[in-house]
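The values are calculated or read from the model by the stated rules, or taken from the named source; none is laboratory data. Small disclaimer: the values here were computed from a predicted structure and weren't measured. Here the Cβ positions follow ideal geometry from the backbone for every residue, glycine too, while neighbour counts run over all protein chains shown. Keep in mind that these areas ignore ligands, DNA and RNA; they rest on the heavy atoms of the full protein, side chains included. Shrake-Rupley method; radii C 1.70, N 1.55, O 1.52, S 1.80 Å.
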Amino acid sequence: MPKSVDHEERRRHIAAALLRVTEREGMEAVSVRTVAAEAGCSVGAVQRYFRTKDEMLHFALVSVVESARRRLDGIRLGGPDGMTFADALRAAILQSLPLDPARLGEARVWAAFYARAAVRPDFAEVIAELHKEALGNLDQALRYARSTGELDLEQDPEALARLLLAIIDGLMWAILLDPAAAASNGAAVPQLAALDAALGLITR
């Protein structure tokens, strides 16, 4: 009997290969051919799942978002075993930054997707949906912090959520453009001093 193929698993395998190429050489090195070589399969096998580099990039972004969600799931806000709002917020932002090789590859996928979004409405729609989700999560956390007294009542959660998202995006780009910081695993990264200064102004 013919061997059963898990098509979703094969797509994830190819997307993981794309991330490894991106981590080592950047998005400019990504092509159907280089990803096929990294995945250990033929160009034709890759093209059965992804006809173009843009399709691979789209699926890779989905994989990156899923990885980020799994990392954030481990951060507990409030409760007897949870973090304070300030500590949880800092931990969540750190998990979003390219401070190790794996997250560096993920950030390069983000950067490439942003570049496409500047000229491609379909890519811009994906970014807009992800930003909407992130803003909703931040707004919820900020409203919780206001209810526990960890955030001043005068603070506008929606406006702060937008500010925090801008800070995260800005730090991601700053670290991407600083190879030493991106390879430091978070040790003595100058950009993190800026993060702590911003969080100090926002939180009590």
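A few remarks follow.
- Among the residues making up the stretch 54-72, those that are among the acidic types (Asp, Glu) and over 18 Å from His131 (Cα atoms) are Asp54, Glu55.
- Test for Gly186: is it at pLDDT 90 or above and under 18 Å from the mean Cα position of the chain (by Cα): no
- Test: residue in the stretch 147-159 that is open to solvent by 40 Å² or more (accessible area, probe 1.4 Å) and either of a type in the set (Ser, Thr, Tyr) or under 14 Å from the mean Cα position of the chain (by Cα) (or both): yes
- Leu165 being of a type in the set (A, V, I, L, M, F, W, C) and touching a residue at least 24 places away in the same chain (Cβ under 8 Å): yes
- Residues that are under 24 Å from Ser63 (Cα atoms) and over 14 Å from the mean Cα position of the chain (by Cα) were ranked within the stretch 165-180; the one that is least open to solvent (accessible area, probe 1.4 Å) is Ala174.
- Restricting attention to the stretch 57-66, the residues being open to solvent by 30 Å² or more (accessible area, probe 1.4 Å) and farther than 18 Å from Glu28 by Cβ number 2.
- Identity of the residue in the stretch 121-136, surrounded by 13 or more Cβ atoms within 10 Å (Cβ to Cβ) and without any contact (Cβ under 8 Å) to a residue 60 or more places away in the chain, that ends up farthest from Gly200 (Cα to Cα): Ala124
- Taken over the stretch 67-99, the criterion of being surrounded by fewer than 18 Cβ atoms within 10 Å (Cβ to Cβ), among the hydroxyl-bearing types (Ser, Thr, Tyr) and within 11 Å of the chain's Cα centre (by Cα) is satisfied by Ser67 alone.
- Evaluated against (1) surrounded by 13 or more Cβ atoms within 10 Å (Cβ to Cβ); (2) modelled with pLDDT under 85, Asp54 falls short on exactly one condition, (2).
- For Ala68: the one exception among (1) outside any loop (DSSP other than H, G, I, E, B); (2) touching a strand residue (DSSP E or B) at 6+ places or on another chain (Cβ under 8 Å): (2)
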